[in-house]
Every structure is written in structure tokens, then in C-alpha cells.
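A short worksheet on the structure shown next.
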Amino acid sequence: RFYIRNFKESTDASGNEIYYSFKKDGKIDWDFVPAEITDQEFKSQKHRHQWMLPQAKAYRVKQDEKYFQSWMDVYSDWLKTFPCPKEGIVDKDNVQWYGLQPAERVLSQIDILPYFIQSTNFTPEWLSIFLTAFADEVECTRKNYFTDGSNIYVTQVQAVTTAGMLMPEFKNSTEWLTEGSQKISEQVTAQFLADGVQVELDPSYHIGVVDGFYNIYKLAMLNNKLDLFPSNYIELLKKASRFVMDIIYPNYTIDNFNDTRSSSYSKSVILKNLKKYMEMFPEDEEIRWMATEGNQGTKPANLVQVYDAAGYYMLRSGWEKDAAMMILKNNKNTDNKWHCQPDNGTFGLYHNGRNFCPDAGVYSYGGTSSSNADRAAFAATAMHNTMTRNKKDIAKGYMNGRLLLQESKSNMDILVTENQSYSDLTHRRAVFFIRDKKTFILVDEGYGTGSTPTVNLNFKLCPNKNDVVIDDESTNYQYGAHTIFADDNNMLFKTFVETTEGYAAENNTAYVSEKLGEKTHQRRFYQVNITKPANGAARFITVIYPFKKEADLEKLNINAKFTDNTEENAGTFHPNGASVEVNIGEEKYELSYTL
């Protein structure tokens, strides 16, 4: 059963957190819920348990029995409505007892018990009901482990281990602890690829999994149980911790890659996690620098980070807030992980505190025909900064991103990646980053033999459509856009093509979602389309150039062309590399790479 949201605000004892109250059967039920929780999140059975703890804390502060009585009434009613299944194995239709639900209830009930146990109304009879239900939930979790190696499995094992460690009075607690600690010890390596990225390739679930492993270790340390875990347990989390440090932008924000909801990862949340990593790795001066906002430790030295097993790549001019940074995402997702979107080749772009190309986000986890359609719309390949074939999605089985080259010169970093996105079309993207100018040059090639599809190059620009002006020079086969912020922090995008058959360019608007169920921003995008030569490549050059004011652009001539083909053989693909010439005002760049 669901509560009906009653938008009545209240505050906690310190007066600085707003909660919502709820109605059940016409009666206000003070089951406190953080204000940032959306209706969609509240109505999902998935996270209901998390909102019991604020109520328990409110009881501890105010010592008002109505909080305890409300919890007891609601939970006892829930147990009657959704009794623990006795058949053992639970299928996904039994949502109250499937997957995360019982595991998360185990963890939350361990947290709330010390608060509510102080109540004079916590009778022996209610204690018996509570403990019986608790044991049922642990056993149900054990009988229904996920076998896909996902973050859900980690939470299930964490719940069983925690129950065994903190509730030793149960007759099965030793079995819980032994089984849970063994599985945790296995998963601390199995959950991560060779480069340290969590196997589901989603930054938010990555952060959650690392946090789960940290919490178990801290719990074991406080309870003198570290002998249950391998001696190198913490060291195995080093790469995973540094990935979080590397994938956040210099202003401590994170992009919406895959199913990450960036609104849930505020600066304070990011810093909270970084401080845990600093505690785990006190000798790492770079993690310390990040965790203390540069007040301690040593500023990270490397400006390029490569996570090749997962397919995440970072190029940056520095680590300070005013730096430029690009994150290119070209995931190796041959197992079709559910949280990974079909957007290989896309990128996020940050400059001086602003995200100029925020990822579209997730919006919905699906479950109904309409919400499944919403999920598909936001995950669509064309909703990202990458190449499509006839505007279609990259299909399952075609997400196997490859790193072809990464090299750095005195003032330039070069990154070349590739993905066979369709049966007859492979997308190769080369990025030339001119560090001192904070300028990115993209060379995109869609190649294949024997077919002539329309190849689309897509660029989704910064959050609000009114901040972007489209630059339509399609009569000269040039197209792009620029931003018009008043704070002297702007970006120009300009795309050139080598062949012009089938040339067309268009622009429109699309949404960004930073929170489930919320269309946070409506932004502009543009798309440049050409017909691929039958046995060659659709080839594009895009200049991404930072500038201050629009007046600066009026006197700035920008041109780009390929220099490895003549007019007669335009559209020829060269497997071993590419070369281009780019002119930006008085600056001339002759750029090339060789594999």
C-alpha cells in the first residue's frame, strides 16, 4: 500500500531539515521523509525503508511517543499486508521481498533499533514480533541472492554480514557472519574491473558499492572482526576510490552518465565520500588534496586519466575550478549491463565551473509501457554527443569501446577511441586537446564498406535553451552553436564536413534529467548529417573553443579541413590515422595521429 503525499512541511530539532508528512487512511502519519525525495521515488517500494531512520532520530531528539507509535503501527500493518513468503525462493513480482527490499530493511532496522528500543512502549511482545520479522528478512535475503554480480548482490551480502556481526543473539548469526564475510571477501575483487571501475559501469552505483565495502570494513574494525577479511581488503579498493576522484569535475560535481542522478551527488556528498577514501588511504596525498579542497596534501599531477577496461577517459588542463575538462565515455559493455546506456563515444565538457554538455540522464527506471518509453527516450544514442546511423540507437551487442591511442606532447593531449556501433558502421573519434587554449578539436569518422547510410553527428549543449544560439552556415557546409552567458565563460561549437552528399543540419531542444521523474532542463542540440560514401567514411571536424564575449567571435575566423585526402578521393578512410588543419583566428594547428 502507498501513502498519499501530504505536502505539509516540518523541521527537525535543529530546524534545518525539511521533511514531508504523509496520510494513511485519512490520518496524518509522521513517517518523516527527506524533502528531496520525489513522489516517484517515494512510491517505489525500493527505498521506503530509508525513511524510517529520520523518524527514529526525531523520536530520539523529542522523546515523543507518537513517533514510535507511528512506526510500530505502520510496520506491523505492513507485516500483516505483506507477510514473509514461506516458499523460500521469491520471484520479481513479489516486489516487497525481492532483490534490494529485504536486504535494505535489514540494514535500516539495525540502525533504528537503538533509537526505538528506549521507548517504554517497546514491549516484550513487540520485540518478539520485530526480531522474528528481522530473522525472516535475513533468511529471505540469503535464499534469494542475485547471481548477476550487481550492486544489489553486494547490498544483500552486506546486510547478511552486518546482521551476523551486530545481532549475535540469533541462533543463525554465526552462519550469517561466516557466509556474509566470505562473500564480501570474494566481491571486493569481483565487483571491479581491472582498472577499478565497478562492473555495471555507472558512476553512482560505483560510489555506492565502494561505500558498502567501506562500511563493512569499518564495522568489522570496530567489532574486532577484521580477521574475517583478507589482509589487503582496503588496498583492493584503491583504484576504485581514485576513479571517483578522477570522474568528478573540478567543482565537485558529477555528470549524469548512464543511470547516475547528479542531483543526488551534491558537493557535500562527494566530499563525504572523498573523506572516507582519505581515511582508507592516509598516505595518498592526492586523495587528501581532493578531500580537503586543496587545503592539505598534494595537488594531483596527471592531467590525463585512462580507465580502459571500463571505457572512461579524462582530459583536463588542471585540477582547479577554472580548468577545462572533458570526460569521454566509450564503455566496454558486451554483457549489456542494465545501468549502461547505448551512448558510446559521448562526452561531458566542463570549463571554469560550468558543465557545457551535461549528459541527458536517466529520468525513469521503467516498469510500465509509458515509463519504459521514457527511459528509452533519455537513453537514446541520439540524445548524446556521439554518432548515429539514421538516428537509430546503438543495439545490444554493439557496445565494445576500444582505446586506439593516447599520447601527450608538450601542449597537447591526443585520445583516439573507436566503437563498432552498427553492423556496417564503426565510429572512430579522435580528440586533440590544446591545453593552454583549453580548446578541443574532435575528428569523427564513421566508416564501413558496402553501405551508404545517413550518418548523424549529434551535439547536446548546456542546460538551458535560452543560453545557446545556433550558428547556421549550412550554405557553406558549416554548422554549430555558441553560448551567451554574461559571466565571460562561454563555449563555441563549430562542425565541418569533408564530403557533402546528403548534407543537412538541424537543431531542436531536448531534456536533461538530474533526478528520477524530473525533466530538469530543456536544452538545445544540433545535428549534422551526411551520406557515407559506400566504401569510405563520413568525416567531420568539430572545433570546441572557449571565449568570453560574443564580440570576440565576430573577429575570429575559424576554419578546418582534412589534409590526408584530395578533392578527388574525399571520404577515403585511412585505418592508420588522420590529419587535419584547423585555423582559429591567427592560430594555425596542423594535427595528426598515427596508429
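Worth pointing out:
- Computed E for His574/Asn94 - FRET, C-beta separation, R0 60 angstrom, nearest 0.05: 0.60
- The stretch 111-207: trypsin sites (Lys or Arg not before Pro) falling in loop per DSSP and having at most 15 other Cβ within 10 Å: Lys171
- Cα gyration tensor shape of the stretch 313-594, rounded if a/c is under 1.5, else prolate or oblate by comparing a/b with b/c: rounded
- Structural descriptor for the chain: relative contact order 8 percent, calculated from alpha carbon pairs under 8 angstrom and at least 6 residues apart.
- In degrees, nearest ten, helix 52-62 long axis to first principal axis of the chain (Cα): 60 degrees
- Where a label projected 7 Å from the Cα of Asp552 along Cα→Cβ would reach, residues of the stretch 418-438 with amide N under 17 Å: 434-438
- Only one item in (1) -0.25, -0.49, -0.77, -1.21; (2) -0.31, -0.54, -0.76, -1.09; (3) -0.41, -0.58, -0.77, -1.13 matches log10 I(q)/I(0) by the Debye sum over Cα atoms at q = 0.05, 0.07, 0.09, 0.12 Å⁻¹ derived from the coordinates shown, and that item is (1).
- Within the chain, helix-based [θ] at 222 nm, where runs of 4 or more DSSP H residues each add -39,500 (n - 2.57), nearest 500: -9000 deg cm²/dmol
- Degrees, to the nearest 10: 369-379 long Cα axis against longest axis of the chain: 50 degrees
- For the stretch 441-496, the spherically averaged projection of the C-alpha convex hull amounts to 5.3 nm².
- Among Arg105, Arg60, Arg354, sorting on how many other beta-carbon atoms sit within 10 Å of each Cβ, with the fewest leading, yields Arg60, Arg354, Arg105.
- Exceeding the 24 Å Cα-Cα cut-off - candidates Lys57/Lys515; Lys239/Lys267; Lys92/Lys225; Lys391/Lys548; Lys321/Lys437: Lys57/Lys515; Lys92/Lys225; Lys391/Lys548
- Within the chain, longest stretch clear of exposed GluC sites (Glu not before Pro) (DSSP loop, no more than 10 other Cβ within 10 Å): 284-566
- Label sites at Ala194 and Glu279, each approximated as a point 7 angstrom past Cα along Cα to Cβ, lie 3.3 nm apart.
- Order of Tyr350, Tyr477 under a 10 Å beta carbon neighbour criterion, fewest first: Tyr477, Tyr350
- Exposure proxy order (Cβ contacts within 10 Å, fewest to most) of His427, His521: His521, His427
- Gain on full stretching of the segment that runs from Gln63 to Ser370 - 0.36 nm per residue minus C-alpha separation: 106.0 nm
- When the trypsin sites (Lys or Arg not before Pro) in the stretch 535-595 are filtered for DSSP coil states and for at most 14 other beta-carbon atoms within 10 Å of their beta-carbon, the remaining sites are Lys548, Lys549, Lys555.
- Stretching the chain fully between Glu586 and Glu169 yields a gain of 142.4 nm (0.36 nm per residue, less the alpha carbon separation).
- Neighbourhood net charge (9 Å Cβ-Cβ; Lys/Arg +1, Asp/Glu -1) for Tyr214: 0
Coordinate-derived values only; no laboratory data. It should be emphasised that the depicted structure is a prediction, and the values quoted were computed from it without experimental measurement. Glycine also receives a Cβ, built like all others from the backbone with ideal geometry; neighbour counts cover every protein chain displayed.
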